[in-house]
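Structure, as structure tokens:
The values are calculated or read from the model by the stated rules, or taken from the named source; none is laboratory data. These numbers come from a predicted model, not from an experiment. Using ideal geometry, Cβ is built from the backbone for each residue, glycine included, and neighbour counts are taken over all protein chains shown. Remember, those area values only see protein heavy atoms, side chains included, never the ligands or the DNA or RNA. Shrake-Rupley method; radii C 1.70, N 1.55, O 1.52, S 1.80 Å.
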Amino acid sequence: RAAAGVPALLSPRLAVRRVDEDPLGHACRLACADDEPDESDAARHATELDDARELQCADVISKEVQAGYDYLKNEKRARQGSVLERKTDGLPELMDVDLVLKQASKAAGLSVESAFRALKDESEVLRVSHLEALERLTGVRHTVLDFIESGGIPPSVEALYAWLEYRGIDTKVWGQGQAKTVQELFHEIWAGESEPLTELPQRVISVVKVRLTCTDEEGTWALYETKQKFCRDGRVRPRNRPLAEKKRPGEHAAHAAVRGVQEELGSVLSKEQHAGMVVRTESIEHWEEVLFSNSFPGLETVYKLFLVDVDIPGFNRKTTGDTFDSAETPELSTGKVHSWVWKRYGAVEQSKELVTVLKARYPRPKV
């Protein structure tokens, strides 16, 4: 077929070598012919025919090879386009195929697939760095198992349940009587009122006790909170202690004291009393105690305590009465009503308070 159209260079009686005929068979057939041509002529014409055939075959083969190469190249591009569509699925819209192809063309020695792998790796590194930065800022663990084992800020209420159960803390009585719920502990941690948990079964909080006193002809008095009533479910929690407020991370004890007064006593204070409030920062006391809190039974609590004296003009036993109630400020409210009483605060009471601070600050060594 490749020799079609080649001029007949041999006589009609000289048979042309068939395509499937080897040179030796062809020579034998020529030798058996009735009138044999001159051997030199036959050899010359055979050579010329072979040369012509090879040239034409080479041309045909070259065209077929070029067509096959073009076909394969187009197929490869189509496959690459399909791969690009699959690999760009779910990526940002700006990372389109054209952009990737341009970046791939600039990358020396990299195929399109290699360029995509490089971009994917770069995106993964960026994602991990963002997660690490978030963890440094918030203390949130990547997995629930990490939190349950090592602590941190709970990623969910369920994870906090698991952290407590893993340490043998029974939460069945939480939310009953004076006890708070697991959800309340979760919100306390996320609000920064409690430090991130650790591998130890402990809750660590910083509490500012606010000492509000007044003096009249009958002596010196200190304000104590007798109980709290939760509006959402009617539970009542006995207190019998001064006004107290949890200190937030990085917050100064004086600021926490003012915030506590505004939150719990704001409903009975005038604008002038709010503006005239004075914190005696020179008298701030600090100590630590380790106790089991009634708020979260079974969970040991480390209290980092601060005692702050606050003076409020015109706020005394005469203006409020011996006992009174206050509702939390609406914008700061957690739904509680506080009951208060003025108690005598003479030398005996002050000495007892000082002894409590000294015992906590300088504990006796265990025998």
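For the stretch 212-233, filtered to residues that are open to solvent by less than 40 Å² (accessible area, probe 1.4 Å) and not aliphatic (A, V, I, L, M), the residue that is modelled with the lowest pLDDT is Phe230.
Would a scan of the stretch 186-201 turn up a residue that is closer than 25 Å to Val258 by Cβ and part of a strand (DSSP E or B)?
First, the residues of the stretch 186-201 that are closer than 25 Å to Val258 by Cβ: 187-195.
Next cut, part of a strand (DSSP E or B) only: 194.
Yes, there is a match, as at least one residue in the stretch 186-201 is closer than 25 Å to Val258 by Cβ and part of a strand (DSSP E or B).
Residues checked against (1) assigned to a strand (DSSP E or B); (2) under 30 Å from Asp170 (Cβ atoms); (3) hydrophobic (A, V, I, L, M, F, W, C); (4) open to solvent by less than 50 Å² (accessible area, probe 1.4 Å):
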{"site": "Ser283", "(1), (2), (3), (4)": "yes, no, no, yes"}
{"site": "Glu288", "(1), (2), (3), (4)": "yes, yes, no, no"}
{"site": "Ser295", "(1), (2), (3), (4)": "no, yes, no, yes"}
{"site": "Thr301", "(1), (2), (3), (4)": "yes, yes, no, yes"}
{"site": "Phe324", "(1), (2), (3), (4)": "yes, no, yes, yes"}
{"site": "Ser339", "(1), (2), (3), (4)": "yes, no, no, yes"}
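Answer yes or no: is there a residue in the stretch 236-252 that is among the hydrophobic types (A, V, I, L, M, F, W, C) and within 22 Å of Lys318 (Cα to Cα).
Restricting attention to the stretch 236-252, the residues satisfying the condition of being among the hydrophobic types (A, V, I, L, M, F, W, C) are 236, 243-244.
Keeping just the survivors that are within 22 Å of Lys318 (Cα to Cα) gives 243.
So far as the stretch 236-252 goes, yes, one or more of its residues are among the hydrophobic types (A, V, I, L, M, F, W, C) and within 22 Å of Lys318 (Cα to Cα).
Scanning the stretch 212-222 turns up one or more residues that are within 26 Å of Pro249 (Cα to Cα), more than 23 Å from the chain's Cα centre (by Cα) and not charged (D, E, K, R). Glu193 passes every criterion in (1) of a type in the set (D, E, K, R); (2) without any contact (Cβ under 8 Å) to a residue 60 or more places away in the chain; (3) open to solvent by less than 30 Å² (accessible area, probe 1.4 Å) apart from (3).
Just to be sure, is Lys209 of a type in the set (Lys, Arg), in a loop (DSSP other than H, G, I, E, B) and buried (at least 18 other Cβ atoms within 10 Å of the Cβ)?
Numbers: of a type in the set (Lys, Arg): yes; in a loop (DSSP other than H, G, I, E, B): no; buried (at least 18 other Cβ atoms within 10 Å of the Cβ): yes.
No.
In the stretch 128-137, is there at least one residue being at pLDDT 90 or above and either under 18 Å from the mean Cα position of the chain (by Cα) or more than 30 Å from His255 (Cβ to Cβ) (or both)?
no
I'd like the full set of residues that are in a loop (DSSP other than H, G, I, E, B) and more than 16 Å from Glu245 (Cβ to Cβ), limited to the stretch 303-317. It would help to see each step written out before you state the result.
Residues of the stretch 303-317 in a loop (DSSP other than H, G, I, E, B): 312-316.
Pro313, Gly314, Phe315, Asn316, listed by residue number.
Go through the stretch 245-275 and give me each residue that's outside any helix (DSSP H, G or I) and not basic (Lys, Arg). Quick ask: steps written out before the conclusion?
Narrowing the stretch 245-275 to residues outside any helix (DSSP H, G or I): 245-252, 269-270.
Of everything in the stretch 245-275, those that are outside any helix (DSSP H, G or I) and not basic (Lys, Arg) turn out to be Glu245, Pro249, Gly250, Glu251, His252, Leu269, Ser270.
Restricting the first member to the stretch 232-251 and to residues that are farther than 15 Å from Val207 by Cα, and the second to residues that are surrounded by 17 or more Cβ atoms within 10 Å (Cβ to Cβ), the beta-carbon pairs closer than 6 Å and six or more apart or on different chains are Arg237/Gln228. For the stretch 303-320, residues that are among the acidic types (Asp, Glu) and open to solvent by less than 20 Å² (accessible area, probe 1.4 Å) total 1.
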